[in-house]
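Below is one structure; the comments refer to it alone.
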Amino acid sequence: MRSLLKVSATLSLVGCLFASMAASAGPKIEFWTLDSGLRVYYVGIDDLPMLDINVTFDAGSARDGDKYGLANLTLSMLDEGAAGKDADELSEAFESVGANFYASASKDMANIGLRTITLKKPFDSAVNDWLSVIKSPEFPEANLERLKKQLMVSFEGAKQRPSSIAGKAFNENLYGDHPYANPGSGTEESIVTISTDDLKAFYKQYVVEENAMVSIVGNVSRAEAEALAKRVADVLIAGKKPEPIPEVKPLTESKTVFIPFPSSQATVIMGQTGYKRGDPDYFKLYLANHPFGGSGFTSRLMKEVRVKRGLSYGVSSYFSPSRELGPFVMSLQTKIAQVDEAKKVMTDMLATYLKEGPTKEEIEGSKLNISGGFPMNIAGNSNIGNYVDVIGFFGLPLDYLERFTDEIDSITQEQAKEAMQRRVNPDAMLTIVVGGESKEDEKKDGASK
């Protein structure tokens, strides 16, 4: 078994090297729909005998309803028992042939995937077990109780981390009554209410063919991929695609939330809603943010906040697009006594950047940095597969990876400036501060001032 795992790891490493050399051309993504309706995305890579296959569902935490953490628990329970095998037997079945089973839920999507070598005997074994898990999960109650206890421990740990407290408060205050406000891992109150019947009902409602797409990346032919996709369709039950989640309502005014915490450092998060996946301004905003706070030590924020003023070890900004409006975020950690100065510096720098825009040198340097680093982002089957999942789930163009660097290179300095000015509103910023003692004019429960 160990030798197979070593072979798998070696093949994965070599595969990254092969893929990075060929990435400039971009992987060719093929798409088709089965007669049953299952959407299939396929990238053939024949350098090494490896395959990544993933089924993606519109079944992320945005579908939790009032049982926060339901999607996460449902997906986490899949390899705890299925088709007559318990968790140990399933683990041994995959490990014995050098395969890796994974399942997870994020905000928008849920994934059930498999990474395996394509040598016939181990491949057949891994695929058969993977399909049996999808078809016949058992959700054993004892295992669920164990996972729930582990989550309770993690919740206690999160209470001791200012960054976790700040992130939770940021989502709650940015999204209000929208599903994006709810913690994907759940809460102490919600987790105790979730039963095996809830898991089974969630699985039956959302893990259905009409709500699925499959990506197949690796060393199988188109014909083999078609046959494999058909096998996936055969184990998925019929159902209905869920209604779209609600639209996100952007903030209309600025708001500050202070949360006391006994620490020498404070966590500061500032931001607002940004854009969706597939937004026509995506490339412009991605490029525009890079010199401001997205390029590490060369960014304006890092130079001013860390290098010049010594206010923080690290500071950054980013856009995080989702199916609906994801956030635009600026964040740092600083000494309690420096919070006001740090907030003012970030606010002033954003205002200046929106007014003046990036310099020509910043834009050209950012283009070189983004385009030069992009091949490594799509090096290896799993990285390509991750992109294919995003492309398929959010309905992006099939040539998205092929034209990524061309799109970035085509943007002008003025276009980047105009997009940032139009899409970022400095008068509607949410600010979360976690750290320090409560002040007389600020409520201890973290209400806005």
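The values are calculated or read from the model by the stated rules, or taken from the named source; none is laboratory data. Keep in mind it's a predicted model, so treat the numbers as computed, not measured. Counting neighbours? That spans all protein chains shown, and the Cβs are built from the backbone with ideal geometry, glycine included. Side chains included, ligands, DNA and RNA excluded: accessible areas come from the protein's heavy atoms. Shrake-Rupley method; radii C 1.70, N 1.55, O 1.52, S 1.80 Å.
Of note:
- Residue within the stretch 62-73 that is outside any loop (DSSP other than H, G, I, E, B), of a type in the set (Ser, Thr, Tyr) and either open to solvent by 10 Å² or more (accessible area, probe 1.4 Å) or touching a residue at least 60 places away in the same chain (Cβ under 8 Å) (or both) present: no
- Within the stretch 204-250, the residues that satisfy the criterion of being within 20 Å of Gly395 (Cβ to Cβ) and hydroxyl-bearing (Ser, Thr, Tyr) are Tyr206, Ser215.
- Restricting the stretch 142-167 to residues that are touching a residue at least 12 places away in the same chain (Cβ under 8 Å) and over 28 Å from Asp79 (Cβ atoms) leaves a set whose member that is most open to solvent (accessible area, probe 1.4 Å) is Ser163.
- Residue in the stretch 271-286 that is out of contact with any Pro (no Cβ under 8 Å at 6 or more places or on another chain) and farther than 14 Å from Pro321 by Cα present: no
- Residue in the stretch 215-261 that is farthest from Ser136 (Cα to Cα), counting only those that are of a type in the set (Val, Ile, Thr) and not in a loop (DSSP other than H, G, I, E, B): Thr256
- Screening the stretch 109-206 for helices (runs of 4 or more DSSP H) wholly inside it with 2 or more residues that are at pLDDT 95 or above and in contact with a Pro (Cβ under 8 Å, 6 or more places away or on another chain) returns the ranges 162-175, 196-206.
- Residue in the stretch 291-309 that is open to solvent by 30 Å² or more (accessible area, probe 1.4 Å), closer than 27 Å to Thr252 by Cβ and at pLDDT 95 or above present: yes
- Scanning the stretch 233-247 for residues that are farther than 14 Å from Phe57 by Cα and loosely packed, with under 15 Cβ neighbours inside 10 Å gives Asp234, Pro246, Glu247.
- Any hit, the stretch 332-351, residues being open to solvent by 30 Å² or more (accessible area, probe 1.4 Å), modelled with pLDDT of 95 or more and within 26 Å of the chain's Cα centre (by Cα): yes
- Criterion violated by Gly274 - all others in (1) open to solvent by 70 Å² or more (accessible area, probe 1.4 Å); (2) more than 29 Å from Val207 (Cα to Cα) satisfied: (1)
- Which listed residue, of Ser104, Ser8, Ser91, is at pLDDT below 95, among the polar types (S, T, N, Q) and either open to solvent by 50 Å² or more (accessible area, probe 1.4 Å) or not in a strand (DSSP E or B) (or both): Ser8
- Entirely in the stretch 360-427, the helices (runs of 4 or more DSSP H) that have 3 or more residues that are basic (Lys, Arg): 413-423
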